[in-house]
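Undergrad: What follows is a single structure, and I will ask about it in a moment.
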Amino acid sequence: MGETNLQIQVLISAEEIATRVGQLGKEISGDYAGDDLVVVGILRGAFVFVSELIRQITIPLEVDFMAVSSYGPSTKTSGVVRLLKDLDTAVEGRNLLIVEDIIDTGLTLSYLQQVLLSRNPASIKTAVLLDKVERRQIDFSPDYIGFTIPDRFVIGYGIDHNQRYRELPYVGVVPE
Ligand code: PRP
């Protein structure tokens with residue numbers, strides 16, 4: 001509201017995303033063939049990626065969501081994440097695939113993995129659309145990665161700037 005529109009350049013087009021998400025869906029379908037699968041989407045950013053990814057997975061699955069938020073600017077370094085919404089699903093003995101729009105420092109995914117591991121699932125893997133690998137503060141490698149990207153401010157395809165731009169069908173960058 002009242003904010004000037006950003007000048008946006010396309011970093012990854014809608015077509016490129018669709019192709020890559022199709023490949024990931026196929027890979028995930030093969031890896032979990034014959035197994036139980038619970039897709040855990042992390043709100044809010046991941047909702048677009050989750051919705052496209054699950055339509056590219058050809059095996060039965062369940063979807064649930066968690067919402068997390070940082071405790072403030074310092075969290076990006078402390079790794080403390082506040083759980084705003086927990087799963088409704090009991091996950092003991094089940095195969096979990098945590099799905100995120102982006103991994104940056106790695107603190108959020110690392111925290112979520114710890115939280116979910118304490119519930120004794122059969123397995124936990126992680127899928128991210130975007131990996132800003134050079135920003136990592138702890139050693140964390142997602143199992144499925146859509147694109148490795150440079151350390152640029154990205155928006156679109158679920159990712160916001162002040163809660164805007166999530167609806168863009170591509171991943172954009174704001175020129176520096
Ligand atoms: C983004 C993203 C991850 C987190 C990754 O969420 O969806 O949850 O940051 O950063 P990290 O690897 O440094 O922990 P954001 O805080 O922007 O919230 P949102 O998904 O609700 O937009």
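Undergrad: Looking at the calculated P(r) for region 9-103, what percent of the C-alpha pair distances fall above 15 Å? Could you put the intermediate results ahead of the total?
TA: Numbers: 2944 of 4465 pairs.
Above the 15 Å cut-off, region 9-103 has 66 percent of its Cα pairs.
Undergrad: In straight Cα distance, which aspartates and glutamates are under 15 Å from Lys132, not counting same-chain residues fewer than 8 positions off?
TA: Lys132 reaches Glu100, Asp101, Asp104, Asp143, Asp151.
Undergrad: Relative to a virtual label point 7 Å from the Cα of Asp151 in the Cα→beta-carbon direction, which members of region 83-107 show backbone nitrogen distances below 12 Å?
TA: 105
Undergrad: With just the Cα atoms of the chain, tell me how far they stretch along each of the three principal axes, in Å, largest first.
TA: 48, 36, 30
Undergrad: Now for a separate question. I need the phi-derived Karplus couplings for region 145-156: 6.51 cos²θ - 1.76 cosθ + 1.60, θ = phi - 60°, integer Hz, Gly and Pro marked x.
TA: For region 145-156, the Karplus-derived couplings read 10, x, 9, 8, 10, x, 7, 10, 6, 9, 9, x Hz, x marking Gly and Pro.
Undergrad: Got a sec to turn the phi values of region 48-58 into Karplus ³J(HN,Hα) couplings, 6.51 cos²θ - 1.76 cosθ + 1.60 with θ = phi - 60°, whole Hz, x for Gly and Pro?
TA: Result, rounded to whole Hz: 6, 4, 4, 5, 7, 4, 5, 6, 9, 9, 9.
Undergrad: Here's a follow-up. Rounded to the nearest 10 degrees, what's the angle between the helix 107-117 long axis and the longest principal axis of the chain, both from Cα atoms, 0 to 90?
TA: With both axes taken from Cα atoms, the answer is about 20 degrees.
Undergrad: For the chain, take the longest principal axis of its alpha carbons; what is the angle in degrees between that and the long axis of helix 14-31, to the nearest 10 within 0 to 90?
TA: It is inclined by approximately 10 degrees.
Undergrad: Now for a separate question. Any idea what diffusion coefficient region 91-176 gets from Stokes-Einstein, in µm²/s, Kirkwood Rh on alpha carbon pairs, 37 °C, 0.692 mPa s? Numbers along the way, then the final one.
TA: Numbers: Rh = 13.9 Å.
Answer, rounded: 237 µm²/s.
Undergrad: Another question about this same structure. Report the longest stretch of the chain that contains none of the chymotrypsin sites (Phe, Trp or Tyr not before Pro) sitting in a DSSP loop with at most 13 other Cβ atoms within 10 Å. Please list the in-between numbers first.
TA: Details: sites that count: Tyr71, Phe153.
For chymotrypsin sites (Phe, Trp or Tyr not before Pro) (loop position, at most 13 other Cβ atoms within 10 Å), the longest site-free span of the chain is 72-152.
Undergrad: Modelled label-to-label distance, His161 and Glu92, 7 Å Cα→beta-carbon offset: nm?
TA: 4.7
Undergrad: In region 1-59, what trypsin sites (Lys or Arg not before Pro) fall in a loop by DSSP, with at most 12 other Cβ atoms inside 10 Å? Working shown, then result.
TA: Details: sites: Arg20, Lys26, Arg44, Arg55; in loops: Arg44, Arg55.
In loop regions of region 1-59 (DSSP not H, G, I, E or B), the sparsely surrounded trypsin sites (Lys or Arg not before Pro) are Arg55.
Undergrad: Now a separate question. Percent antiparallel among DSSP beta bridges with both residues in the chain, to the nearest 5?
TA: On the way: 11 of 33 bridges.
Just about 35 percent of them are antiparallel.
Values quoted throughout were computed directly from the atomic coordinates according to the rules given, and no laboratory measurement underlies them. What you see is a predicted model, and the numbers here were worked out from it, not measured in a lab. All Cβ positions, glycine included, derive from the backbone under ideal geometry; neighbour counts span all protein chains shown.
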